[in-house]
Structures are given as structure tokens and as C-alpha cells.
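The values are calculated or read from the model by the stated rules, or taken from the named source; none is laboratory data. If you're wondering where the values come from, they're calculated on a predicted model, not measured in any experiment. FYI the Cβ positions are ideal-geometry reconstructions off the backbone, even for glycines, and counts take in every protein chain you see. Just the protein is used for accessible areas: all its heavy atoms, side chains included, with ligands, DNA and RNA removed. Shrake-Rupley method; radii C 1.70, N 1.55, O 1.52, S 1.80 Å.
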Amino acid sequence: MRLALNPQVRAETLPLDPQEYFVLSRVEGQPSVGEIIGVSGLGPAVTEQILEKLLELGALARVEAPARPSTPTRPPHERRARADERRRTRLRQQLAAQVRPPAGAAKPQRAPTGTAHAVASPPPPPPPEPEPEPLPDTVFIEPVPGDDARLDPSLGLAVYDQRVLLAMDDRRQTLSPYEFLGLAPTDDLKAIRAAFRDASRRFHPDAYHGRSLGSFGGVMSRLFVDAKAAYGALQRADVRAPLVAEREAELERRRQRQQQRREAAAAAEALARNEREAEAAQRRAARAAQRAERERERINTARRAKVAEYLQGAAAAEGMENFAAAANNYRLALQIEPEDQDIRARWESTRAKARRIRAKDAYSRACSLIDLGHASEATPLLVEAAQADPTTEHLAHAADAVRDQDPVQARELAMAALRAMGEEDKEGKVKRRPTVEADLRLMIGRAFLAAGQSQSARQQAVLAQRLRPSDPKARALLKSAKVT
Amino acid sequence: MENVVGIDLGTTNTCVAIVEDGVPTVIPNKGGYKTTPSMVAISESSKRLVGHIAKRQAVTNAQNTVYAAKRLIGRRWESPAAHAVQQSCPYTVVEGPHGDVRIRLRDSVYSIPETSAFILQEMKLVAEQYLGGTVERAVITVPAYFNDNQRQATKDAGRIAGLDVIRIINEPTAAALAYGFGKDLERKVAVYDLGGGTFDISILDIGRGVFEVISTAGDTFLGGEDFDVRVMDALIQSFQEKTGVDVADDRMALQRIKDAAEKARCELSVAREALVDLPFLYTTPSSQTFHMQEPLSRDTLEELTRDLVERTINICDKTLRDAKIDKSDLDDVILVGGMTRMPLIQSRVAEFFGLEPCKGVHPDEVVALGASIQAAALVDEAIDVLLLDVTPHSLGIMIVGGYFHRLIEQNTTVPTEASHIFTTVRDNQTSVKILVLQGENDKATDNELLGEFILSGLRKAPKGEVEVEVTFSISADGLVSVAAKDLETGREQSITVTATSGLTEDELQKLVESSQHYMVEVRASEEFERQRQQAERLIADVRDLFPQVQGIMSGTSFGRDAISKAEGVLDRAEKGIKSQDARSLEEVVESLERTLNMFRGVVSKTGLV
């Protein structure tokens, strides 16, 4: 088999290591594998492996017609040339039948889908998966160098054939039976028989009858005897077994190496993919955070605007003395900004103001209704005033007003009025006149009485008498309290 | 392309073939027959007769007619084969000067290769006539079981006949070549070859154009002749019972009975009954005449020869067993040789191998065709056939005690090589004689001696100390060479063993020359014969026109002159024929042609034709 550079493939674009590139650079013209091994100086095993890779990558191509320069000394005998050609064709067919074609190279690689992001450009397609390198089914024996002294171009035998024959003859003692037949170890008896027949054609002197063979006649006879002996030996399973096992082991080693290489590639690929995915996840998280930030910003802004709007409304309402509306606005603002103490304070103060105003309003309307004689209609207003602004005065009036209808509530209100009075006295803010206080106590006392607490009612009545001696109302109350 | 023929030199018939444009073709002889009887006779006028002519005159000239010479070729005088022939043949067998067998015909003694050469020469002529060119090289077949002496004798016969025998191949192998040639077969076949004088069985592995002989065996003294002898004996015995006459001493009668037996045997291959009808077979001194009229049935023939057929089957069985081949591995059985037409043989072979024998080959021609294929394969590289033949006999040397030590076993593919280290057997032995032997017997003397040579100059040492390595090699063309090497001194001596055909080189040389002379004579006489016929035809034509021309031309002096010249030419022609001088006749033929042309011109001009 001869090799040549493939002009369509640019070597620079191939994933080659320096050694492989070196071997590629040794290919000039159409050398044979043996010649390349010779010039590479790397030894047959390494070189062959590299050549296999280069062939796989398409950097090298097999040359169909061997362009061996015919030795000028050989007579251009047409029949002889035809016979030689036939021999070679047979060998080629044999090779073609045995070496599996490198598959996979033609398979188009689809870009991985599903993980495509706008940001990340799709990763470069991985190099086509190489098939497990086939071990050649024929054995290559390196010919002796072209300058060997025993070569004789004047013989009727191509110089290259002479070189191969000499190489085999030199190694007669060490060649395995399979090597004599040019066959890789196999248990296939049919293949062994076919190989022996081909070896016969190569070595049997009759195949070259009429040509001058010189000392090569003897060489061929010897090699034929060896090939015959090898053929005989290979009929025995115990001869084949270790050699076949060795080849199987070699095949297995190659398979494993291939497997390891594949696994390493897969692992590297997986690692790269993981990295890409981690990066993508990070980017996604960052984008989500940004979005959340913007959202928060937007919400804050809106809230602030709302608060400002409420505050504005509150201020306006305050300005118009509408404390209820202001308090409402403050409450709404406080709902948005519950932590704002200023708003809370303002809400509380305006709410207090609003209540006082409402209580004052209800109290004054109640007073006017009482003045007009509609005491019963004034009662709810008095209660409202007591609720809105629980001053002693409001509470006492309310307690007095409800005592007939609802003695329980009247007692509650009376007690609240007493508490409020105590607080007001303690604070000392309100300076009540004694008559007012006496009235208040009378009212409280009446409420207690209505509630059945005559003791408390008497106490209030006593206190009222003390503030305003000889008050009839107080006396009346005392009397009522005593009666009960 | 050079003409290289293949010749099947058979015991009873010989056949020649050539590959023409890649097609092997049998060349028919002058009589149009594809085979020529292997018979040679010397007529009363000392003329050499070959083939059909020899066969036709055999009855009347039995003592001087050689047939089945193949049975004697390469044999020694003491061999049982020679004795058997002596007993049964009408011709006289004598001992040659080198212990070989010779035949006395009329006043001369001929070696066996010489008589075979007559046949080969005839075949050469047949081929040359057919091809219109010279034929100088040939492949000749021999029975597979022939030993080297027999092969060498056959080669010598070729050489005497003026043929360079480029290869001797085995007949069954040749048959297999013809069977498998041009087909892409992948088969294991058995070739059962029962010819006129020998039986061979060969097993071949055919594939990718390589014909590998795995095993071969045979019996060189078992063939159609033996079947004929059985029939003959039965006929003679029956004749004696009926007539009380013993014809055993009457060679002429024996010859007639032999011919009739052969004829009857052949007839019985197709018919169930045959009649041996020999009128006037024997006349007593008292002029009493006896005729033989014996009906012979196929059953009788089979009864007479059954044991012979069984012998062939036994050999087949042994061969298969020795080669460790199972009958079921065989894909085909090829029947070769005229004898295989016998129904008993066909059925026994079919029964034994469990295969219906192949009918695709012509049993009489297939061997010659195969020989021509091998010839073509050797000289023409376009014929893509390779034959891997085996050596049919073991080869070895004689060792102390007169035992035979085998170096190359029988059925070893050639070329081959084997060596063995021997030690001296006497103290201070300085030379060792190496006897090269061939055969299967453990006693050296029972095997065929091929040659001997002496390795001298050995170191003086106690016995057993000096080691001699003897290497045998057989080349692809069957040449045996033996090298002996003193391992101590490295001294080496080798010979190419030339098997002896019974003829010395000098004798051979002389025979080759005389044969060339003979050929020249034959050619000359043939040439003269051709000229004579032409001259006679021309003379007749001229004489026919003579009266007319005379009438037209005698009026002028020029005419008279021309007529007298023509008369002179006729005269010279007749003289030339009488004197048998081919050269002068050739000139006269030209003059005759001119005269005839002139005469015709004259006659046609005057319109009197």
C-alpha cells in the first residue's frame, strides 16, 4: 500500500500533535508505509499508529495504483507485467476485504440543542468519534534497505519484492507461522488456507518459471518450505491458540486504549459542559437579583409616592382642621410605612384631635338636645363623646345618661370616669371647679346606684356633699342609696 | 508465443495437447484420432512404425512390436516388473549393459527410453504439423507413483525425441488441473486414475488457482493390461478345454487373443454381452484349424477382475487413512483413464467414496490437457495456475546396518528441504559414503537407489565424534540434491542426484544425434514425397495437353523447339522421381509448372479447349 498527501486537506487545520505533524511532513510523493517508517525514525508501531490516524483524518490518502518506478533493467515484458499486476491486485483485494473502512467520519454531527442561550455561543462540535483502530489483518514485514548488497536489479524480480523476500529470509528463525503466511493470527482455517495459497504464489519458484531469479530461487524455496510448514503447524489448535490469544490481547489493549481515550474525551466534554452550565446559572441568578432589585425599587418609589400623597392629603386636611381625614391619611401612610414613628405620632395626635373634636361636637349636640328636652335622644351622643374623648366629664355624663337603659354600661362608664378623674387630678391639667366636680360625682353616683352599687353611689354622694354642702341632689342620692 | 505442449505418455495410448488462446485443446493425429496407441514396431523393411500403423500390424509382426513399454521404463533387469513383462509379452526383453531392460526388435536392441522416444517424436510431429511451427518444449506426465528413475527415463525419452522436458508431472495431478482450470473452485477432490498399466489415487485441495496435492499413492503394476490378461487367460483356458489346444506358445495367436480381449473388455463397458470371434486362430501341424468363438458377459468379466478393482479400492482407503482425510471432506471424485469406463469400477468408486464420480472430464484426454495447462502455466504468466505437487516416495540414505533412514517423507510438498546429523561409525573414519535411496522399505536394499557420493577428508577421531550434516532438497522441478557437510571443518560436498534411466550420458548423446538424423531423414522423405506427388500431377497434366499443343505448334520452328524442350523437362522429371532426389525434383517442378502454363496459354488462344 502506498500513501500520498491529500491535497484537499489543509494540515494546519487538523488536530495534530507535533509528532504526528512531523510524520505527515515526511510524506513526499507516494511512499509506502515501510518507507515512511524508515524516514520517520519512530519505529514501526508508533509510525503505523500515527499513519492510521492521519488516514482517518484524511490528511493522507491511499494511492490505488502503486507508483513504484519500474526498474529500467527489467525487460518490459507485457505478460510479466500483467502477471505482477494480477498478483498485486489479489493482494490489494485481500487487504480491502480485511481492513474495515473507517466509518463515522462521514456522519454529520448535529449541534446540541436545548441548552442554547442567547448569551453563550454554541460550543464547537466535538471531533468525529474515531472508530476503534483496526489491527491490520495482514502482517507487514519491513523490507531490507534499498541499498542492500544482495539486491540485484538485473534479475527478473522487482527490487521491492527482492527486499521483502530478503527481509523474510533474514528473519526466518524468528518469524511466527502467521508471519510466514502474511496473516494476522486467526482461528479461521479458511483464511489460513487462503493465506497459504497466496504465500505459495509469492514463494513457489514455479510462479516465476522462466525468469532469472539468481540466489532468490533458493530464498523462495526456503520460504516456501517455511510457509508450508507454517501452514501445517497452524492446522493445530495448540499452535494457534497462544498466537491468537496474543493478538486478541493486543486488540483488547488497543480497544482499551481507544476506550480510555474516548472516556477521557467524554469526561473533558462533560467537565466543559458543567462549567458552561454553572456559568449560565450564575448569570441567571444575577439577572434575577437585578430584576428583584428593580422591582423593589419600583415598589419603594410607588410606596414613597403614595406615602407622600397621603401625607400631603393629611397636611391639607389638617390645614382645613379636618383632623378625621388627616388621621385617616396618616393611618393609610402608616400602613405603607408602619415603621415611621413620625407618621405614627402624627397619626395618633391627629386621631386624638379628631376624637376630641368629635366628642366635643357630640357633647355639645347632646347638651343642646338635653336643653331642648330630648334627653333620651342625647344619650347615644353622650356615649359617643365618652368613647371618642374619654374625659371625666364625657364619661360621667354618658354614665348618667345610660343608667336607666343600660345599668351595666353605666357602671363601666362610671368606673372609667372615676379613673379618668383620678388621672386628671394626678396630672393636674384640669382645674375643675368644685361644683362641676360635685355634679360629676353625682352623675357617677347615680350611675352606680342604677347599677346597684349603692355603696359606691353613697360614697360619691358623700363626696359631692362635701364639695357642695347641702346640695339637694346629693341628699336625694344619699337617701336613695340608704333605701336600697 | 512459443509452442509448449503437454504429452500424456500412457501405457496403451498417448495424447498431446496445447493451450491455444487460453483454451487447452487436444491435437488430433494424422488419422484424426485424438489418441495414438503407444506402440512402436520395426517392419520387415526395417522401417520404424509408430501408433496406429504399429498397432494394425501388431498381429502379423508381434515379436517386433513393442507395447506397454511404460511398464518397463526406468526398471532394472532384476525387478519383478521386468520378469512379468518377459513372461507375458511377445517381444524379446534382454538385459542392458547397465542392468537395465532393453528390447530386441529384429536385429537391433533398443533401450526403453528410446522406444518411448519414438512415440514422443511422433507426437512432436503431430503437434508441429497442427501448429505449423516447431515444438521444442514439453511437459510430460507420468503415473504419480513413478520413482525418480522412472521419471528420469521418461525425461530422457523426451530428450531423445528432441524435446526439452520442462517438467514431469503426475497424471492425476494433471487431470485435476484440467478439471479445475478456468473455474473458480474451492474444493477437495480425489482423482482415481486407472490407466492401461498403472493405478494412481491422488487427493488435491483446489482453490484460488492453486492446486495442492495433499496425498498420492498408487500401484505401477495395476492397470487395464492386467484386466486384459485375466480375460486372455480365461479365453485361452476355455479354448483349451474346448479344443484341447494350448496356444500359450503361439505368439501370434496370443497377440490376437490379447487384442480381442481388450476389444471385448471395452465393449462390455456399454454392452452386457460381447462375442470374441477369432477365426483360424490356430492351425496344428497337421493342418487342423481351430476358431475361437467365445461369448463373454459383463458378469463374467466382473467376476474375473473383481479382485483387481478391490485392490484399487484398498489403496484408496489406505491413502485416505494415511493422509487423515475423511471421505466426507471430499467434494468430488474424478475418474481418469480408459479403464474407468468399466461399470464395475464406477459403481465401486461411487460406493466407496459415497460420491457420484464427476462426469465432466474425458478420461482419455484429460491428462494431456492438464499437462498442457501446466506447460502454459510455466511459460506463460498469463495462465494463472500454480501446482503444488508432492514427492510420492520417501527419500533418505542408508545408515549403518543397512537400514533406510528417511529424510523426506512421502507426500511432502516440493520444493522441500530436510537435514539430519549423522556421526561416524568407525574409529578414524575419514570418509563417508552416502547412498541416496527412494522408497518406503525399512531395509535400504529394498528401495530404489538414486545415486551415491563420498564425503572425504573427515577429521580422524574416535567413532561417533565426527558429525556430518546431510541435507536433502528437492526443487520445484523434482531435482534432488544432496549436500553433506562436516560440521567440524565446515567442509561441504554436494551432488545433484541424477536418477538413472539405464542410459549413460554418452549413449544418450548418441541417441539424441541419431534421432535428429532420423528426423532429418523423415523430413526429407516427407518433402520428397510431397514434391513427387506434385511432379506426378504436373506430368500428367502436361501429357494430357501434349497432343493438342503438338498439333498447333509443330508448324513453326519456334513451336518445334518449344515442344522438344517440354519433352526434355518431362524426361528430367521422371528421372528425378526415380532417383529420389528431392532437390533436383524441386527445380523440375518449377519447369513443369512453366511448361504447363505455356501449354494452357497456347490451347486457350486457339480456342480449342
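Within the full protein context, the accessible area of A:Tyr21 is estimated at about 100 Å² for a probe radius of 1.4 Å.
Here the peptides A:311-321, A:252-262 are ranked by packing, the mean other Cβ count within 10 Å, and the order with the highest first is A:311-321, A:252-262.
Amide H contacts under 5 Å for A:Leu183: A:Val139, restricted to partners 5 or more places along the chain or on a different chain, H placed in the peptide plane at 1.01 Å from N. Placing unit charges on the Cβ atoms only, positive for Lys and Arg and negative for Asp and Glu, gives segment B:524-609 a dipole magnitude near 340 debye about its Cα centre.
Look at the stretch A:200-208: the mean tally of other chain Cβ atoms within 10 Å of its residues' Cβ atoms is 6.
Using label points projected 7 Å from each Cα along Cα→Cβ, tell me how many nm separate B:Ala350 and B:Glu586, to one decimal. Simple spin-label model gives 6.0 nm for this pair. These residues, A:Asp198, B:Asp246, go from largest to smallest accessible area, 1.4 Å probe, as B:Asp246, A:Asp198. Which of the residue pairs B:Lys124/B:Lys188; B:Lys124/B:Lys359; A:Lys228/B:Lys188 have a Cα-Cα distance greater than 25 Å in the structure shown? Violating the 25 Å limit, Cα to Cα: B:Lys124/B:Lys188; B:Lys124/B:Lys359. Spacing of the modelled spin labels on A:Ala264 and B:Glu536, each 7 Å from Cα toward Cβ, amounts to 10.0 nm.
Taking a threshold of 23 Å on the Cα-Cα distance, which of the pairs B:Lys34/B:Lys55; B:Lys30/B:Lys578; A:Lys353/A:Lys473; B:Lys263/B:Lys327 fall above it? B:Lys30/B:Lys578; A:Lys353/A:Lys473; B:Lys263/B:Lys327, as the Cα separations exceed 23 Å there. For A:Glu85, the solvent-accessible surface with a 1.4 Å probe is about 70 Å², rounded to the nearest 10. Electrostatic tally near B:Tyr403: other residues with Cβ closer than 11 Å to its Cβ, Lys and Arg +1, Asp and Glu -1, net 0. Note on segment B:35-96 and segment B:545-561: Cα centroid distance 60 Å, given to the nearest whole angstrom.
Taking Cβ atoms as reference points and 14 Å as the exclusive limit, the residues near A:Lys482 contribute a net charge of +3, counting Lys and Arg as +1 and Asp and Glu as -1. Cross-link partners for B:Lys433 among the lysines, with Cα-Cα distance under 26 Å and sequence neighbours closer than 8 places in the same chain left out: B:Lys443, B:Lys460, B:Lys463, B:Lys485. Taken as Cα centroids, segment A:166-233 and segment B:246-294 sit 59 Å apart, rounded to the nearest whole angstrom. Ordered from highest to lowest accessible area with the whole protein assembly present and a 1.4 Å probe, B:Lys30, B:Lys359, B:Lys155, A:Lys431 read as A:Lys431, B:Lys359, B:Lys30, B:Lys155. Sorted largest first by accessible area at a 1.4 angstrom probe radius, with every protein chain in place, the residues A:Leu5, A:Leu442 fall in the order A:Leu5, A:Leu442. Of all lysines in the structure, those lying under 25 Å Cα to Cα from A:Lys360, and not within fewer than 8 positions of it along the same chain, are A:Lys426, A:Lys429, A:Lys431. Placing +1 on the Cβ of each Lys and Arg and -1 on the Cβ of each Asp and Glu in segment B:341-473, which of B:Phe352, B:Val390, B:Gly401 has its Cα farthest towards the positive end of the resulting dipole? Farthest towards the positive end: B:Gly401. Counting only residues at least eight positions apart within a chain, or on another chain, the lysines with an alpha carbon under 22 Å from that of B:Lys575 are B:Lys565. With a simple spin-label model that places each label point 7 Å from the Cα along the Cα-to-Cβ direction, the separation between A:Gln405 and A:Gln335 comes to 3.2 nm. Computed with a 1.4 Å probe over protein heavy atoms only, the accessible area of B:Val589 comes to about 10 Å². Relative contact order of segment A:405-457, taken over Cα pairs closer than 8 Å and 6 or more residues apart, is 51 percent.
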